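Step one of this worksheet: look at the structure below.
The values are calculated or read from the model by the stated rules, or taken from the named source; none is laboratory data. These figures come from a predicted structure and were not determined experimentally. Methodologically, a virtual Cβ is constructed for each residue, glycine included, from the backbone with ideal geometry; neighbour enumeration extends over all protein chains shown.
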């Protein structure tokens with residue numbers, strides 16, 4: 001399997017593994033410098049019962065969690081929870097298949113034309129974010145680069161979505177695949193190394 005040449009990818013051209021990067025740089029010049037959540041029930045993921053408080057965010061940093069007693073200025077967007085809304089830590093999904101398209105069959109994800117499949121995957125990423133997931137650990141993408149390009153589009157601000165550790169297609173020995181159409185077969189150490197280097201060259205972060 002040839003190493004891709006000229007593809008817009010974060011992978012190493014020699015197929016060497018790179019440290020995963022889950023940073024996001026999707027802020028626009030017109031985004032508010034500060035966001036103040038007032039009168040929200042805070043669920044802080046420590047085991048503590050939810051408590052009513054204010055939260056001040058500057059850029060991407062939580063600066064204050066208390067009664068802010070804050071005077072609103074033109075740089076601050078204020079969101080009032082009216083004591084009924086809950087503000088909580090972002091959720092993490094540890095086994096995410098962004099490129100699944102609700103097909104009723106196991107081979108359905110690879111039967112969809114790639115153009116439509118990209119749209120399904122982008123919509124799936126937005127759905128995860130809308131449901132409160134801010135981090136997704138990819139698992140067995142339906143096509144080699146779907147997770148990779150979706151992650152790149154989210155990082156750049158092109159589409160909304162959570163932070164992603166991008167996955168590639170499944171790898172299996174001959175006869176060991178659950179879904180052959182999304183599986184790359186490799187028998188023996190050398191074949192495994194070859195296919196892993198291929199996915200590293202695409203920019204894949206992890207593999208099932």
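Before moving on, here are some points about what is shown:
- In the range 22-52, of all residues being free of Cβ contacts under 8 Å to residues at least 24 places away in the same chain and closer than 24 Å to residue 92 by Cα, the one that is nearest to the chain's Cα centre (by Cα) corresponds to 46.
- Residue match in the range 88-96 (condition: assigned to a loop (DSSP other than H, G, I, E, B) and modelled with pLDDT of 90 or more): yes
- Test result for residue 99, exposed (fewer than 15 other Cβ atoms within 10 Å of the Cβ), closer than 30 Å to residue 115 by Cβ and touching a residue at least 40 places away in the same chain (Cβ under 8 Å): no
- Of the residues making up the range 160-179, those that are at pLDDT 90 or above and closer than 19 Å to residue 204 by Cβ are 161, 162, 163, 164, 165, 166, 167, 168, 169, 170, 171, 172.
- Among residues of the range 125-144 that are free of Cβ contacts under 8 Å to residues at least 12 places away in the same chain, none has a Cβ under 7 angstrom from a residue that is in a loop (DSSP other than H, G, I, E, B) and buried (at least 16 other Cβ atoms within 10 Å of the Cβ) at a sequence gap of 6+ or on a separate chain.
- Pairs with Cβ under 6 Å, 6+ apart, first in the range 188-208 and within 15 Å of residue 141 (Cα to Cα), second modelled with pLDDT of 90 or more and in a helix (DSSP H, G or I): 202/148; 203/148
- Here the range 191-208 is the region considered, the condition is being touching a strand residue (DSSP E or B) at 6+ places or on another chain (Cβ under 9 Å) and part of a helix (DSSP H, G or I), and the residue that is surrounded by the fewest Cβ atoms within 10 Å (Cβ to Cβ) is 192.
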